[in-house]
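Here's the structure, in structure tokens; my notes come after.
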Amino acid sequence: MVVLFLIWSHVNVVVSDSMYPIMKRGDLVIVENAGFEFNPNDVDVGDIVVYKAHWPYYQYLLYEVDYKLNLNPNKTLCIFREGDIKDVSIKVLGEIKTNKGNYKILEVDIPKSPIKPVIHRVIDKVEFNNKTYFIIKGDNNPIHDPELVSVNQIKQKVIVINGHPLVIPYIGYLSIWVKEYWYLVLLFILLYYAYDYLKGGRK
């Protein structure tokens with residue numbers, strides 16, 4: 001069990017084509033873990049990381065906010081803060097200047113909510129209010145991720161050799177299939193135990 005845990009903690013499943021062509025949906029990518037094998041403060045531009053993202057669950061809200069406030073999503077980044085609240089609130093914190101231009105920074109206060117691991121590339125490392133953040137983007141996506149990612153959100157880094165990430169093609173489809181069709185897996189398990197029970201009763 002320990003060996004299986006160690007192996008599984010060093011792989012991650014690619015669930016979309018946002019990093020195509022270097023990674024594709026269903027690939028298994030080899031990673032190292034933050035705090036044990038690398039310091040997330042040392043992450044730099046060009047690194048491919050796995051971070052805990054809030055934005056996938058709030059995309060429609062962010063689109064609506066950009067529209068109502070007449071903001072350019074190409075030049076807007078959000079800092080999500082979880083708290084003991086019932087409703088989402090958003091306020092403008094200010095701007096940051098980078099080599100890629102200026103970005104409007106929004107603070108999004110949210111209730112405790114699910115987070116999703118995202119495998120994307122760091123395209124900029126910035127300072128805002130005396131804290132280090134990362135601007136991150138999928139290679140195959142037209143714009144950056146809407147979330148300004150803190151150091152603490154970085155959980156893994158993809159191992160790269162000679163500029164190529166370590167990827168095992170297609171193996172991750174098994175994990176994707178189990179997550180998407182968990183009810184079929186559960187049904188199979190129930191049928192197996194029912195068959196085993198009935199078979200035992202006939203003896």
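Checked against (1) at pLDDT below 70; (2) open to solvent by less than 60 Å² (accessible area, probe 1.4 Å), ARG202 passes all but a single condition, namely (2).
With respect to TYR63, determine if the residue is more than 17 Å from the chain's Cα centre (by Cα) and either farther than 12 Å from GLU107 by Cβ or in contact (Cβ under 8 Å) with a residue 60 or more places away in the chain (or both).
It is true that TYR63 is more than 17 Å from the chain's Cα centre (by Cα) and either farther than 12 Å from GLU107 by Cβ or in contact (Cβ under 8 Å) with a residue 60 or more places away in the chain (or both).
Here GLY83 meets each of (1) open to solvent by 70 Å² or more (accessible area, probe 1.4 Å); (2) over 16 Å from the mean Cα position of the chain (by Cα) with one exception, condition (1). A residue that is of a type in the set (Ser, Thr, Tyr), outside any loop (DSSP other than H, G, I, E, B), open to solvent by less than 20 Å² (accessible area, probe 1.4 Å) and at pLDDT 90 or above occurs somewhere in the range 73-80.
Which of the residues belonging to the range 38-55 are loosely packed, with under 14 Cβ neighbours inside 10 Å and either acidic (Asp, Glu) or modelled with pLDDT under 95 (or both)? Selection gives ASP42, ASP44. As a summary of the residue check, VAL3 satisfies the conditions (1) outside any loop (DSSP other than H, G, I, E, B); (2) at pLDDT 95 or above except for the one numbered (2). Residues of the range 56-69 that are outside any helix (DSSP H, G or I) and surrounded by 15 or more Cβ atoms within 10 Å (Cβ to Cβ): TYR58 alone.
Filtered by the rule that a residue be within 19 Å of TYR60 (Cβ to Cβ) and surrounded by fewer than 12 Cβ atoms within 10 Å (Cβ to Cβ), the range 92-112 gives a lone residue, PRO111. For first residues located in the range 109-134 and farther than 16 Å from ILE154 by Cα, partners that are among the aliphatic types (A, V, I, L, M) and part of a strand (DSSP E or B) and lie 6+ apart or on another chain with Cβ distances below 7 Å form the pairs PHE128/ILE96; PHE128/ILE105. If GLY94 satisfies all but one of (1) part of a strand (DSSP E or B); (2) at negative phi; (3) small (Gly, Ala, Ser), what's the number of the condition it fails? That leaves (2) as the condition not met. Filtered by the rule that a residue be in a strand (DSSP E or B) and within 11 Å of VAL118 (Cβ to Cβ), the range 136-153 gives ILE136, LYS137, GLU147, VAL149. Only residues that are out of contact with any helix residue (DSSP H, G or I) (no Cβ under 6 Å at 6 or more places or on another chain) and farther than 15 Å from VAL158 by Cα were counted across the range 22-74, and they come to 21.
The values are calculated or read from the model by the stated rules, or taken from the named source; none is laboratory data. These numbers come from a predicted model, not from an experiment. As a convention, Cβ positions derive from the backbone with ideal geometry for all residues, glycine included, and neighbour counts pool all protein chains shown. Just the protein is used for accessible areas: all its heavy atoms, side chains included, with ligands, DNA and RNA removed. Shrake-Rupley method; radii C 1.70, N 1.55, O 1.52, S 1.80 Å.
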